[in-house]
Amino acid sequence: KGFNVLHPMGWDSFGLPAENAAIQNGAHPAEWTVKNIEYMKGQLKMLGLSYDWNREIASYKPEYYKWNQWIFKKMYENDLVYRKKSTVNWCPKCDTVLANEQVEDGKCWRHGDTDVVQKELTQWFFKITKYADELLKGHEEIKEGWPEKVITMQKNWIGKSFGTEISFDVEGYNEKLPMFTTRIDTIFGVTYCVIAPEHPMVAKILVEKPEVKKAVEDMKNEDIIARTAEGKEKNGIFTGRYVINPLNGKKIELWIADYVLMNYGTGAVMAVPAHDKRDFDFAKKYDLPIKIVINPIDKKTKKE
């Protein structure tokens, strides 16, 4: 509050969507992009919106994107970028990747007739986690002036979690399944384990159970945000495989479920339905065991 904020008008106009639009309209991408910017700029001026047009920017111009390239180069030189395979939202009509926010009810935001599919691609990533502590510290400085809801959303996006990684043996596969948990104290209450539909182990399972392939694909193609939305019904498939709890040696069922995401932790979850709401809902739906291992301490009210 109390500061003058620079608010230039910018045109997000660089990439395949602009090229595809030009192709559909039989025009050169450069000409089509400039024409549309001028048209939209005219509409904004007619509305009387007050922008400093001397500061106008457009992402298709070399004088703008050269700085994107410069920033990427500096991040690369400081070991702050890396490449890996990752599952992305893919629009077959746009022929490009979509952010989660650009997927609306499983459809591309540009054309409601096109189903978004999940595709594994090699991508560049920034090591945002290197800045997690600094970003969280910054939230303490602005918490008085920002809505609590916004700060909570940003903290969740930063995604720093404290917990334990523990491995379960997978019966019949001669391999271990690592899982991340923030509640290792509840491990004796694990009654089943869940992997994301994008998990690498799913490919092995589909060889044994090809009849569930369509159900797995439906899970993968579901909107990522919707999959974890509060109140959404959770869907799962029993793999026919079991994992072994490393602390008590008990054999428990291994499931594939849509409420587990590959981009959080290891993409595998030890489910403790007695002490986790999502696990509880899933266990009730599929009639899985629920074992209480932590009881609250009873406290007597002291009369003053």
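Yes/no per residue for (1) closer than 26 Å to E165 by Cα; (2) in the same structural domain as L121 (by the TED database); (3) out of contact with any Phe, Trp or Tyr (no Cβ under 8 Å at 6 or more places or on another chain):
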| residue | (1), (2), (3) |
| --- | --- |
| I205 | yes, no, yes |
| E208 | no, no, yes |
| V212 | no, no, yes |
| I224 | yes, no, yes |
| R227 | yes, no, no |
| L254 | yes, no, no |
| Y259 | yes, no, no |
| R278 | yes, no, no |
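D79 passes every criterion in (1) surrounded by 10 or more Cβ atoms within 10 Å (Cβ to Cβ); (2) touching a residue at least 40 places away in the same chain (Cβ under 8 Å); (3) farther than 22 Å from G15 by Cα; (4) not hydroxyl-bearing (S, T, Y) apart from (1). Being surrounded by fewer than 20 Cβ atoms within 10 Å (Cβ to Cβ), charged (D, E, K, R) and at pLDDT 95 or above is a property that E233 lacks.
Scanning the stretch 88-96 turns up one or more residues that are within 30 Å of A226 (Cβ to Cβ), touching a Leu at 6+ places or on another chain (Cβ under 6 Å) and hydrophobic (A, V, I, L, M, F, W, C). Are any of the residues in the stretch 194-209 surrounded by 13 or more Cβ atoms within 10 Å (Cβ to Cβ) and in contact with a Pro (Cβ under 8 Å, 6 or more places away or on another chain)? Looking for residues that are surrounded by 13 or more Cβ atoms within 10 Å (Cβ to Cβ) and in contact with a Pro (Cβ under 8 Å, 6 or more places away or on another chain), one finds none in the stretch 194-209, hence no. Scanning the stretch 88-114 for residues being buried (at least 16 other Cβ atoms within 10 Å of the Cβ) and among the acidic types (D, E) gives a total of 0.
Answer yes or no as to whether W124 is in contact with a helix residue (DSSP H, G or I) (Cβ under 9 Å, 6 or more places away or on another chain), over 25 Å from M75 (Cβ atoms) and aromatic (F, W, Y). Let's see the steps before the verdict.
Details: in contact with a helix residue (DSSP H, G or I) (Cβ under 9 Å, 6 or more places away or on another chain): yes; over 25 Å from M75 (Cβ atoms): no; aromatic (F, W, Y): yes.
For W124, the condition - in contact with a helix residue (DSSP H, G or I) (Cβ under 9 Å, 6 or more places away or on another chain), over 25 Å from M75 (Cβ atoms) and aromatic (F, W, Y) - is not met.
Report yes if K85 is surrounded by 10 or more Cβ atoms within 10 Å (Cβ to Cβ), at negative phi, under 16 Å from the mean Cα position of the chain (by Cα) and not small (G, A, S), otherwise no.
So K85 passes the test.
For A22, work out the one condition from (1) assigned to a helix (DSSP H, G or I); (2) out of contact with any helix residue (DSSP H, G or I) (no Cβ under 8 Å at 6 or more places or on another chain) it doesn't fulfil. Only one criterion in (1) assigned to a helix (DSSP H, G or I); (2) out of contact with any helix residue (DSSP H, G or I) (no Cβ under 8 Å at 6 or more places or on another chain) is unmet by A22, namely (2). Of everything listed in (1) β-branched (V, I, T); (2) modelled with pLDDT under 90; (3) surrounded by fewer than 11 Cβ atoms within 10 Å (Cβ to Cβ), the single unmet condition for I142 is (3). E101 meets all of the listed conditions (1) at pLDDT 90 or above; (2) in a helix (DSSP H, G or I); (3) under 30 Å from V116 (Cα atoms) but one, namely (1).
Pairs linking a residue in the stretch 44-69 that is at negative phi to a residue that is of a type in the set (F, W, Y) and in a helix (DSSP H, G or I), with Cβ atoms under 9 Å and 6 or more positions apart or on different chains, are K45/W53; I57/Y64; A58/Y64; S59/Y65.
Residue by residue, here is whether (1) part of a helix (DSSP H, G or I); (2) under 23 Å from W90 (Cβ atoms); (3) of a type in the set (V, I, T); (4) outside the structural domain of K93 (by the TED database) holds:
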{"site": "N4", "(1), (2), (3), (4)": "no, no, no, yes"}
{"site": "A18", "(1), (2), (3), (4)": "yes, yes, no, yes"}
{"site": "E31", "(1), (2), (3), (4)": "yes, no, no, yes"}
{"site": "I37", "(1), (2), (3), (4)": "yes, no, yes, yes"}
{"site": "L44", "(1), (2), (3), (4)": "yes, no, no, yes"}
{"site": "Y51", "(1), (2), (3), (4)": "no, no, no, yes"}
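Considering only the stretch 145-160, I want to know if a residue exists there that is assigned to a strand (DSSP E or B), in contact with a helix residue (DSSP H, G or I) (Cβ under 9 Å, 6 or more places away or on another chain) and in contact (Cβ under 8 Å) with a residue 40 or more places away in the chain. No, every residue in the stretch 145-160 fails to be assigned to a strand (DSSP E or B), in contact with a helix residue (DSSP H, G or I) (Cβ under 9 Å, 6 or more places away or on another chain) and in contact (Cβ under 8 Å) with a residue 40 or more places away in the chain.
The values are calculated or read from the model by the stated rules, or taken from the named source; none is laboratory data. Please read all numbers here as calculations on a predicted model, not as lab measurements. Please note: Cβ atoms are built from the backbone with ideal geometry, for glycine as well, and neighbour counts cover all protein chains shown.
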